[in-house]
Amino acid sequence: MSVEEIKKSLAELSAAERSEVTAFLFHMRHATDAEYQAKIAAVESDKNPEHWLTPEEFEKRLDEP
């Protein structure tokens, strides 16, 4: 399958399906990046609630350009 065929197939997906593919590709992009994985591990292990985002703040940051 060519990249153009993949792009055409992706364009036909629903918004939810495209979001799932986006998450998958993001995961693949960073799966072997040791520096990125270390940053994520540090964030995940942060037990200080002052550093946490509310769900609303999380959504707001996702929408920022």
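The values are calculated or read from the model by the stated rules, or taken from the named source; none is laboratory data. Bear in mind the structure is a predicted one, so any value in this text is a computation, not a measurement. No Cβ is skipped: glycine too gets one built from the backbone with ideal geometry, and neighbour counts run over all protein chains shown. With ligands, DNA and RNA removed, areas are computed over all heavy atoms of the protein, side chains included. Shrake-Rupley method; radii C 1.70, N 1.55, O 1.52, S 1.80 Å.
Per atom type, the chain shows carbon and sulfur on 59% of its accessible surface, probed at 1.4 Å. Here LYS47 is the anchor, and the lysines within straight C-alpha reach of less than 23 Å, apart from those fewer than 8 places off in the same chain, are LYS39, LYS60.
Note on exposure: LEU53, LEU13 ranked by accessible area (1.4 Å probe, complete protein assembly) read LEU53, LEU13, with the most exposed listed first.
Within the chain, the GluC sites (Glu not before Pro) that combine a DSSP coil assignment with at most 13 other C-beta atoms in a 10 angstrom radius are GLU12.
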